[in-house]
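Trainee: Structure incoming, see below.
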């Protein structure tokens, strides 16, 4: 049987101009990797389907330990208080190789 290890999956939806800030934040807190995808959909600010590529929505996914997640969420909270638009949700996930995410 394969051993699985608990981690946290942070999913962040924001505008593409926030990408560099998020990447810098991840590096500051020692995140080893992340995935960024273009995103479109409808929410509280209406339908987002910018085809120009300028400030379209992105979905950022990063797997971290609970301990590493805390300072990242504090940094995101500061960005929210400054008026940046970010939607963040957290999921419990299990991984096969936990050292890949530390």
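The values are calculated or read from the model by the stated rules, or taken from the named source; none is laboratory data. Keep in mind the model is a prediction, meaning the values are calculated, not measured. Please note: Cβ atoms are built from the backbone with ideal geometry, for glycine as well, and neighbour counts cover all protein chains shown.
Trainee: Which residue, of 76, 72, 36, is at pLDDT 95 or above, touching a helix residue (DSSP H, G or I) at 6+ places or on another chain (Cβ under 9 Å) and part of a strand (DSSP E or B)?
Mentor: Working: 76 fails: part of a strand (DSSP E or B); 72 fails: part of a strand (DSSP E or B).
The match here is 36.
Trainee: Same structure, new question: Could you tell me how many of the residues in the range 49-66 are at pLDDT below 70 and either under 21 Å from residue 23 (Cβ atoms) or within 13 Å of the chain's Cα centre (by Cα) (or both)? Before the answer, list the steps.
Mentor: Taking the range 49-66 as the starting set, the residues that turn out to be at pLDDT below 70 are 49-55.
Cutting the leftovers down to either under 21 Å from residue 23 (Cβ atoms) or within 13 Å of the chain's Cα centre (by Cα) (or both) gives us 50, 53-55.
Counting residues in the range 49-66 that are at pLDDT below 70 and either under 21 Å from residue 23 (Cβ atoms) or within 13 Å of the chain's Cα centre (by Cα) (or both) gives 4.
Trainee: Would you point out which residue out of 88, 95, 31 is at pLDDT 95 or above and either surrounded by 11 or more Cβ atoms within 10 Å (Cβ to Cβ) or within 13 Å of the chain's Cα centre (by Cα) (or both)? I'd like the intermediate steps shown before the answer.
Mentor: Working: 95 fails: at pLDDT 95 or above; 31 fails: at pLDDT 95 or above.
Of 88, 95, 31, the one residue that is at pLDDT 95 or above and either surrounded by 11 or more Cβ atoms within 10 Å (Cβ to Cβ) or within 13 Å of the chain's Cα centre (by Cα) (or both) is 88.
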